[in-house]
1. For region A:300-385, run through the trypsin sites (Lys or Arg not before Pro) and keep only the ones in DSSP coil with at most 15 other Cβ atoms within 10 Å of their Cβ.
2. Just how large is the dipole of chain B about the Cα centre, in debye to the nearest 20, putting +1 at every Lys and Arg Cβ and -1 at every Asp and Glu Cβ?
3. Do the sum for the protein assembly as shown: with -39,500 (n - 2.57) for every DSSP H run of n ≥ 4, divided by all residues, what is the mean residue ellipticity at 222 nm, to the nearest 500 deg cm²/dmol?
4. How far apart, in nm, are the 7 Å Cα→Cβ label points at residue A:71 and residue A:314?
5. Hey, got a sec? Which chymotrypsin sites (Phe, Trp or Tyr not before Pro) in region B:166-267 land in a DSSP loop and have at most 16 other Cβ atoms within 10 Å?
6. Which of A:423, B:94, A:127 sits farthest toward the positive end of the charge dipole of the protein assembly as shown, with +1 on the Cβ of Lys and Arg and -1 on the Cβ of Asp and Glu?
7. If you average the C-alpha positions of region B:26-59 and of region B:206-254 separately, how far apart do those two centres end up, in angstrom?
8. Whole-Hz ³J(HN,Hα) for each residue in region A:287-295, computed from phi via Karplus 6.51 cos²θ - 1.76 cosθ + 1.60 with θ = phi - 60°, x for glycine and proline: what do you get?
Amino acid sequence: MSILFAYACAPGELAAEFNLSGRISHDSRIFLDKGIYADADDSSDDGQKGEFNKSISRMELNIQRVDEEGFSMFGRAWLTYDHLDDFYGQSYDDSGAGSDSDLERLEYEKIILREAYAAAEFGQFEIKAGQMILNWGRTDEINPVDVVNPEDLSEFYTIEKMERKIPVMLFDGILYLGDFALQAVWIPFFEPAVIPSRGPWAQNTLLEFRQAAPDLYAGLDFSDRDGAGRRDINNSETAVRLTGILGSFDFGLVYFYGYNDQPAIKIDITDAGNPADIIYKKYSGYGFDFAYSIGGYGFRGEFFYRDRILYTYEKTPPPLMSYDNYESPDFQGIIGIDKTYGENIYVNIQVMYTRILDYKDDMLMHEDMIMGMGTVEDKFLRETLTVALDFYYGFREKDWMLGPRIEYALTDNLKAKLSGFIVDGPLASDLGQFKNNDMVILQFAYNF
Amino acid sequence: MKKSLPIIIIASFAVIAIPAAAYSEDAYQIVMKSYNLDQGKDSKTDMKMELESKGKKDREREITTWRLERGDEDKSLMYFRTPESVRGTGFLVWEHKNKDDDQWLYLPAFKKVRRISASEKDKSFMGTDFTYNDVTQPHPDEFTHKLLGSETAEGSDCWKIESIHKTFTGDPAYKDWDKYQYSKTISWTRKDNYVTVKAVMYDKKGQECKLFRAGDVRKVDGIWTAHVLEMENIKEKHKTILTITGIKYNTGVNDGFFTERELVKPR
């Protein structure tokens, strides 16, 4: 919408009225290991041997107009060129279509309208409408109260969170009252998360299901989200957030009524009409987040309660094999502390706890989980060189991930980044399932 | 008095303290006059920030700052206009007299406001030679102060004043504080208008680490204003130069401007 409006103006007028900016980036990722089946004793399946190389070239274009009357427009589009190379096994594209062959070379281009919205201010009231990305919460990387935008997990967590977020059409109203703000968001059309069903980042449970029942699996179309009522306004979602500052204490209260954007799967091979189904379920969620600083330490936390979430259990073991789901409330909490030591040594530690509150012994998930995570970072050369290590550790399964990275700003607008993704742990664990996906990522980005 | 960013920086080096002896009272009075210079109730400042390494310019930023004096709680908001990689970055500070300042950073790439803890005030401010301590103002009572004499600095007759943070003086009230980033500051304050035009800072080992200079001092709307501010890291031979390209005092900006709402607003 903004772009169309921009073209309606003369070039000189355009430059005066609009701020045009952008970013060109190239991201090369090289798998150091042999793919997700490397340890599997199933040579008939795909993906055992090869290395997987992928590169993403992207141009991001932003256009923004802000006038003195409090009216603004913003648009952001991505032009991406993805290149997948030397992947033995399944093809892996964003349509989810797959084929088994020894060597696939895939190249495809996409134009994605990331954001396009208009905003207007009326005194203490502000409204926005359009396709948007919001980012709620105060902890780092994992935000239980960040409920508005689902994520695209096609590349797991090897892409930064703001790039994983899927934009949604929404209406956003904010009432500002001093140090408090009351925000109401209405999302007319539910947009689910993108869960990879093929390729190196597909979850173990899905791959096991695929191996056990390939015909059934083929009937599941993860790219068809219409079944979840995406285009039915009766399945819209609502979120309300109250934020405020009390002394040195920042807080937020969140209410959400909408879908769990990550689906549950129901399988019943005795049901000829619908042997396998992907289910999205609505729930009510209540959250609280805070940030507080004292004595040089920063404290952050988020807590989120969901009243009914589907958790899968094995109803009948193979070969009949059927899976169904229990409904249970659950809870997720995360607290963190950070501090800067010396000139620039930044340390951030967080602990996350999740619990299924009405747990049944035959659920496939554990009743609870504790994960530690954090970052140690130092900066050199006027903050142009950053050396950091991100880490995750699952206390139950003892699975872990290390993410070393080096970033260097060659100029004010040109940055290079070399990062790694190293994982280990039991194959059945959240992180360990990707233990054979160790990779190196090299990225260049230029802002203009 | 604390107004725009350059004024804060100047005031940071004209630090003051409650004196114990008559000799110190003189120093205290000088710095108090410098501290209390009329800088208007509020201000808006556009400035260019250049970073130089060994005499060669390597980075440049353009910044707009707003500042409001409220007595016991001053507020400031800073907005980065260039380069594109940091455009839209905002920094909001509520300075308190008797407790840690509240500070928030907004990074547009993350669309999130982040509260920054006070310990980060020793850090370089956005990769410049200024630290957060330099761009916010420590409370004057945090320092002891001594008049060393008179000297000419930056072409003007100045008082030469030594200021030591109380974390280095053994003051029991500060025993639980982290050591201040500078063990000592020697500053030169002009006798004719009480503007601090030069300061040398010493690191925790007592070695000279930074040199501050203020130039092009002239009146704007009747208020003495330094239009060029330099901070040099002596050891690293690196310098940051702030040049004021526009400044307005008493714009009428009110308390409601210094909020998260304005911090995240695109400009």
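Every number here is computed from the coordinates shown, using simple stated rules; none is lab data. Small disclaimer: the values here were computed from a predicted structure and weren't measured. Methodologically, a virtual Cβ is constructed for each residue, glycine included, from the backbone with ideal geometry; neighbour enumeration extends over all protein chains shown.
1. A:360
2. The calculation lands at about 720 debye.
3. Working: 9 runs with 63 residues, N = 715.
Helices in the protein assembly as shown give a 222 nm mean residue ellipticity of -2000 deg cm²/dmol.
4. 6.2
5. Numbers: sites: B:168, B:174, B:177, B:180, B:182, B:188, B:194, B:202, B:212, B:224, B:249, B:257, B:258; in loops: B:177, B:180, B:182, B:194, B:258.
For chymotrypsin sites (Phe, Trp or Tyr not before Pro) across region B:166-267 that sit outside H, G, I, E and B with at most 16 neighbouring Cβ atoms in 10 Å, the list reads B:177.
6. Final value for the positive-end residue is B:94.
7. Centre-to-centre distance over Cα atoms comes out at 4 Å.
8. x, 9, 9, 8, 9, 8, 10, 7, x
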